[in-house]
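Visitor: Here it is, the structure, as structure tokens.
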Amino acid sequence: MNHAESARLFSAAKRLIPGGVNSPVRACRAVGCDPIFIVSAEGATICDADGNRYVDFVSSWGPMILGHAAPPVVEAICQAAGRGASFGASTPGEVELAALVCDAFVSIDKVRFVNSGTEATMSAIRLARGFTGKDVVVKFDGCYHGHADSFLVKAGSGVITLGIAGSPGVPTDIVKNTISIPYNDNEALEATLRARAAEIACVIVEPVAGNMGCVPPQPGFLEKMRALTRELGIILIFDEVITGFRLAYGGAQELYGIEADLTCLGKIIGGGLPVGAYGGRAEIMNHIAPDGPVYQAGTLSGNPLAMAAGAATLRLLRQKDFYPRLNAKAADFAAALGEAGRKAGLPMVLNRVGSLMTGFFTEWPVMDYLSAMRADTGRYARHYQNMLASGFALAPSQFEALFVSAAHEPAQLEAALAACAASFARIARRE
Ligand code: HOZ
């Protein structure tokens, strides 16, 4: 495969942009490649600057659940763009999207739109602190909640991928208010919350972790978290930036039957445009300015293009049978992937919830950060390279998820499985 134009663009990008990228993982260092530059996409296919086509399993890290350039979403964006890109003022589109979000999540009475998942989580913990009058935030090792200072403690995503322990530039004074404990560890959870309940404003969690690879909650983990936070006067924040409208229309909360106090959203609710949101019970949300004293604002918040793309997306997701069909397709794909690993004699653990999954190159169950770290990242890098050369784009890190979208056609999934089987066989033979 010729990547000459991508290589030329990457050289130019490295002179102009730190690392040549606007987000670290996409530099592809963990898989020993240079990035390909994408110029267009349609359905489940992306096309690079050299004209190579790939079946895409990154899905823009989650938002493209309908596939790329879904016609109703493109039309909604074009119509909105024709009316003006941004007004810095209230628009009908934000009322429509707010109604769709509040309708989807039983736990959300009111929602505030921002521009990214990072802004959503950052604002949600400020609100939790303002509401409770307490400062400490509890998170879980390997969970990623964006790049705000308070969250860069044992974080997932690029922080694991690049092996960064913490980040210079984050004041110790800020992270002293963050406690990170192991995911899926009920004892650590109970001990921490009971010991420091008087200081803890909130617990924030990815209800299905998606940034150390896909790691599902063990039965009882989220239930215990809900019961303890309720008993101890601690706000429970579900970071559903990945899982919201991905696992079910009402996200992980619908799937597991648990209501969070605050929910962070992003990705899918913008239909591929930059967006984030946080919402919850009116009693809590009424503390945000201008109703209350907790300040948060943004010129592009509720941007009309993002609102239009999000609403067009959610209207399609709301259709009966959308999730059962997508999840069944993803389940068959994951089962066949696991089987291909077994046949090749390659130890692999396949974690999946709905259409979110990760194949870890390890023989031990992956339930938390430490077990995820046992995965053989060298094997993943070889698998990534083999797949790219065969026309299939995976996330350039073992510690990210694979997303199946509604646009993946059976023939594309079968071809991907055949390529995986060939790649696994080569890895097993150490080629
Ligand atoms: N943090 C994102 C994945 N969980 C990566 C975003 C990107 O590089 O585009």
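The values are calculated or read from the model by the stated rules, or taken from the named source; none is laboratory data. Owing to the predicted nature of the structure, the values given are computational and were not obtained by experimental measurement. A quick note on method: Cβ atoms are made from the backbone with ideal geometry, for glycine too, and the neighbour counts reach across all protein chains shown. The area values use the complete protein model at the heavy-atom level, side chains included, leaving out ligands, DNA and RNA. Shrake-Rupley method; radii C 1.70, N 1.55, O 1.52, S 1.80 Å.
Visitor: Packing-wise, with mean Cβ within 10 Å as the measure, how do 166-177, 125-136 rank, highest first?
Guide: Answer by packing, highest mean first, reads 125-136, 166-177.
Visitor: From the alpha carbon gyration tensor of the chain, can you work out the equivalent ellipsoid semi-axes (sqrt of 5 times each eigenvalue) and give them in Å, largest to smallest?
Guide: 33, 26, 21
Visitor: Which residue, Leu417, Thr178, Thr313, has the largest displacement toward the positive end of the dipole of the chain when charges sit on each Cβ (Lys, Arg +1; Asp, Glu -1)?
Guide: Leu417
Visitor: Further question: What accessible area, in Å² to the nearest ten, does a 1.4 Å probe give for Cys78?
Guide: Probe radius 1.4 Å; accessible area of Cys78 about 80 Å².
Visitor: Follow-up question, since we're still on this one. Over the chain, what relative contact order in percent results from Cα pairs under 8 Å that are six or more residues apart?
Guide: Relative contact order for the chain comes out at 23 percent.
Visitor: Using amide H atoms built in the peptide plane, which far-off residues or other-chain residues are under 5 Å from Ala209 H to H?
Guide: The answer is Val215.
Visitor: If you don't mind, another one. At 222 nm, what helix-only mean residue ellipticity would the chain give, in deg cm²/dmol to the nearest 500, using -39500 (n - 2.57) for each DSSP H run of four or more?
Guide: That comes out to -12000 deg cm²/dmol.
Visitor: List the lysines whose Cα sits under 20 Å from the Cα of Lys267, skipping any in the same chain fewer than 8 residues away.
Guide: Cα-Cα hits under 20 Å: Lys110.
Visitor: Check cross-link reach from Lys176 to the aspartates and glutamates: straight Cα distance under 16 Å, and skip same-chain residues fewer than eight apart.
Guide: Hits, sequence-local ones excluded: Asp135, Asp141, Asp149, Glu199.
Visitor: OK, next. Can you send over the solvent-accessible area of His3, 1.4 Å probe, protein chains only, in Å² to the nearest 10?
Guide: About 60 Å², ignoring ligands and nucleic acids.
Visitor: Among Lys139, Lys343, Lys14, Lys329, what's the order by accessible area (1.4 angstrom probe), most exposed first?
Guide: Highest to lowest solvent-accessible surface, that is Lys343, Lys14, Lys329, Lys139.
Visitor: For each pair in Lys154/Lys320; Lys14/Lys329; Lys154/Lys224; Lys14/Lys154, compute the distance between the two Cα atoms and list the pairs where it is over 30 Å.
Guide: Lys154/Lys320; Lys14/Lys329
Visitor: Also, quick follow-up: I need the fraction of alpha carbon pairs in region 15-166 separated by more than 28 Å, rounded to a whole percent.
Guide: It works out to 40 percent of all Cα pairs.
Visitor: Another one. What ³J(HN,Hα) values, in whole Hz, does the Karplus curve 6.51 cos²θ - 1.76 cosθ + 1.60 give for region 310-319 when θ = phi - 60°, with x put for Gly and Pro?
Guide: Computed from phi, the couplings for region 310-319 are x, 5, 4, 5, 4, 4, 6, 5, 5, 5 Hz.
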